[in-house]
Amino acid sequence: MKRKIVVAVTGLNNTDNPGPGIPVIRGIRDSQLFDVRIIGLAYENLEPGIYMHDHVDKTYQVPYPSTGSDALIKRLEYINSIENIDVLIPNFDAELYTFMKSSKKLLQMGIHTFLPTLEQFEERHKANLVEFGQKYEIDVPFSTSIFSEADIYSLPNSFSYPVMVKGKFYDAYIAYNAEQVKMHFNKISSKWGVPIIIQEFIKGTEVNVVALGDGTGQTIGAVPMRKQYITDKGKAWGGITLDDAKMLELTRKTIKATKWRGGMELELIKTNENRYYLLEINPRIPAWVYLAVGAGQNHPEALVRLALGEKVEPYSDYEVGKMFVRYSYDLICNIGEFEKLSTTGEL
């Protein structure tokens, strides 16, 4: 018999820049272990997942983490008094710091999480990636942080164009000259603030790994993928699982060395010389996680079990050559639902 649990999930923005929320929910609903009630936590009232009632049982609007942890925790206390949440899965980089800091308060409320430690979260930041590579003997591109437009014109001393221009949380663009760096700097900093990371451009094939660590150094699951179709935002709109022992070895090495706790995504470049460079570590489950589920590794289910303190055996394999293709879908909604969420904060 399936066990009844209540899981709260953020990241319901299933648009052309999708959040991981809906794929995470799909994985949990596929579980043969849990009879799950899904509570959506939405920051904006037009996040598509809010209106996907076959996936989300009830949605509550929550304040942005930038308003302060007290406001968010107070709102979660109210929601929990109604829903009795068992597990909370945050899916945005920008909100993780607040939830990590508040994990003890959440546990006192009976809400379990399984998140990286603050140390793990900080040391894998894009701004710290060079030091991270040196510490764990992993190849990473050279990078530096800039805080103003004035810093741009000193870059040729350290870099040759093209370079990658990256935000501290999201967004990455290639720039071929200083003027393009300036344009991207202003665009990204207006959304995410500074620093902006300037990273050496490595020519090769972009590949990714979705993985899950148990916090002791053991890899519970890992599935490598190559993007087959990329949107203008750099997001995978199609991908295929790979048989790549080196990618898996690098992933296990990283999780073992850092004792990574929770979901992660490794973004890598594979050069023509078969050398792998680590571009980023995203400290949560990525939006393409349902490919891993389809290939035989249900990371969302395993994450829920880890959060509940269960012993989870590592996945031993996955199906190679499994593909995913995203598609757009017109979801027809009633304006009354939009109005209800906007006025009451619940739907």
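The values are calculated or read from the model by the stated rules, or taken from the named source; none is laboratory data. Just so you know, these numbers come straight off a predicted model, no measurement behind them. Positions of Cβ are generated from backbone atoms using ideal geometry, with glycine treated the same way; all protein chains shown enter the neighbour counts.
Could you grab me the full set of residues in the stretch 1-42 that are part of a loop (DSSP other than H, G, I, E, B), surrounded by fewer than 18 Cβ atoms within 10 Å (Cβ to Cβ) and over 16 Å from the mean Cα position of the chain (by Cα)?
Result: MET1, LYS2, ASP30, GLN32, LEU33.
Looking at the stretch 283-320, which of its residues are among the small types (Gly, Ala, Ser), in contact (Cβ under 8 Å) with a residue 60 or more places away in the chain, out of contact with any helix residue (DSSP H, G or I) (no Cβ under 8 Å at 6 or more places or on another chain) and not in a helix (DSSP H, G or I)?
Result: ALA295, GLY309.
Output yes when any residue across the stretch 124-134 is assigned to a loop (DSSP other than H, G, I, E, B) and touching a residue at least 60 places away in the same chain (Cβ under 8 Å), and no when none is.
yes
Does GLU273 fit the bill of being assigned by TED's automatic domain parsing to the domain that holds LYS235, of a type in the set (D, E, K, R), at pLDDT 95 or above and not in a strand (DSSP E or B)?
no
Of everything in the stretch 265-295, what is farther than 20 Å from MET323 by Cα and either among the acidic types (Asp, Glu) or under 18 Å from the mean Cα position of the chain (by Cα) (or both)? Give them in sequence order.
GLU273, LEU278, LEU279, GLU280, ILE281, ASN282, PRO283, ARG284
If ILE85 satisfies every condition in (1) surrounded by 21 or more Cβ atoms within 10 Å (Cβ to Cβ); (2) among the β-branched types (Val, Ile, Thr); (3) part of a helix (DSSP H, G or I) but one, which is the exception?
ILE85 satisfies every listed condition except (3).
If the Cβ limit is 7 Å and pairs must be 6+ apart or interchain, which residue in the stretch 227-240 that is within 16 Å of LYS270 (Cα to Cα) pairs with which residue that is among the β-branched types (Val, Ile, Thr)?
So the pair list comes out as GLN228/ILE240.
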